[in-house]
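The values are calculated or read from the model by the stated rules, or taken from the named source; none is laboratory data. Because the structure is a prediction, the values reported are computed rather than measured. For neighbour counting, all protein chains shown are included, and Cβ atoms are generated from backbone atoms with ideal geometry for every residue, glycine included.
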Amino acid sequence: MDILSINADLQEFLERGGPILVLIMGTTFVMWAFILERFAYFYFAFDGQSKRVKQEWGSRADKQSWYAHAIRDQLISEVNQRAQQNVELIKTLVAIAPLFGLLGTVTGMVTVFDVMAISGSSDAQAMSAGVSRATIPTMAGMVASLSGLILANQIELLAKRRTAGLADSLEVGEGAV
């Protein structure tokens, strides 16, 4: 397949789905950018941050006092905050995608009713553009939401597991590298 035919097919799909489909596409791209950023963080940066925290904890002489426990909790909290960064935003984008699909459904149905009011009949061929504008955004919003939902849950689970593993390695008396 060449690029021009792919571009033409995409433009036709966007035209049939209406202007709301462009909004769904933009939302999906932003959602996937954050999803990829989170996976890149866990693949490239989390281990370095964990190592730094373990070294900082391991270099402490006092690991038994209340103050040492507060420092340990702060270190774990900082790692957890960084690991959970943008997860809520991803979840919000997951929730917004089907709502945009519903908005596309409503605007498509308005188009269908406009055709019926203007033509004075229920001509199926005249209404087909409105039906496309009603169904395509719904499908696109649901597909975007489902793909994001699965990965958002995976990211959240990964963040919890990695942070819990770090917390376990910093138990009182441990943490030396």
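Residues checked against (1) under 30 Å from Glu88 (Cβ atoms); (2) surrounded by 19 or more Cβ atoms within 10 Å (Cβ to Cβ); (3) within 23 Å of the chain's Cα centre (by Cα):
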| position | (1), (2), (3) |
| --- | --- |
| Ile118 | no, no, no |
| Gln125 | no, no, no |
| Val131 | no, no, no |
| Pro137 | yes, yes, yes |
| Gly141 | yes, yes, yes |
| Leu149 | yes, no, yes |
| Ala152 | yes, yes, yes |
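Would you check which residues across the stretch 48-105 are under 14 Å from the mean Cα position of the chain (by Cα) and under 30 Å from Ala134 (Cβ atoms) and list them? Step through it out loud before you land on a result.
Pass one, the stretch 48-105, residues under 14 Å from the mean Cα position of the chain (by Cα): 84-98.
Listed by number, the residues that qualify are Leu89, Ile90, Lys91, Thr92, Leu93, Val94, Ala95, Ile96, Ala97, Pro98.
Please specify each residue of the stretch 92-141 satisfying the condition of being hydrophobic (A, V, I, L, M, F, W, C) and in contact with an Asp or Glu (Cβ under 9 Å, 6 or more places away or on another chain). Spell out how you get there, then give the answer.
Taking the stretch 92-141 first, the residues hydrophobic (A, V, I, L, M, F, W, C) are 93-97, 99-100, 102-103, 106, 109-110, 112-113, 115-118, 124, 126-127, 129, 131, 134, 136, 139-140.
Correct list: Val115, Met116.
Which residue, of Glu156, Glu171, is of a type outside the set (A, V, I, L, M, F, W, C) and in a loop (DSSP other than H, G, I, E, B)?
Result of the check over Glu156, Glu171: Glu171.
Is there any pair with a first residue in the stretch 57-76 that is closer than 12 Å to Ala167 by Cα and β-branched (Val, Ile, Thr) and a second that is part of a helix (DSSP H, G or I) and at pLDDT 90 or above whose Cβ atoms are under 6 Å apart and which are 6 or more apart or on different chains, and what are they?
Close Cβ pairs satisfying both conditions: Ile76/Ala167.
Where the second residue is of a type in the set (Asp, Glu) and assigned to a helix (DSSP H, G or I) and the first is at pLDDT below 95 and lies in the stretch 138-161, which pairs have Cβ atoms under 8 Å and are six or more apart or on separate chains?
Close Cβ pairs (under 8 Å, with a partner that is of a type in the set (Asp, Glu) and assigned to a helix (DSSP H, G or I)) do not exist here.
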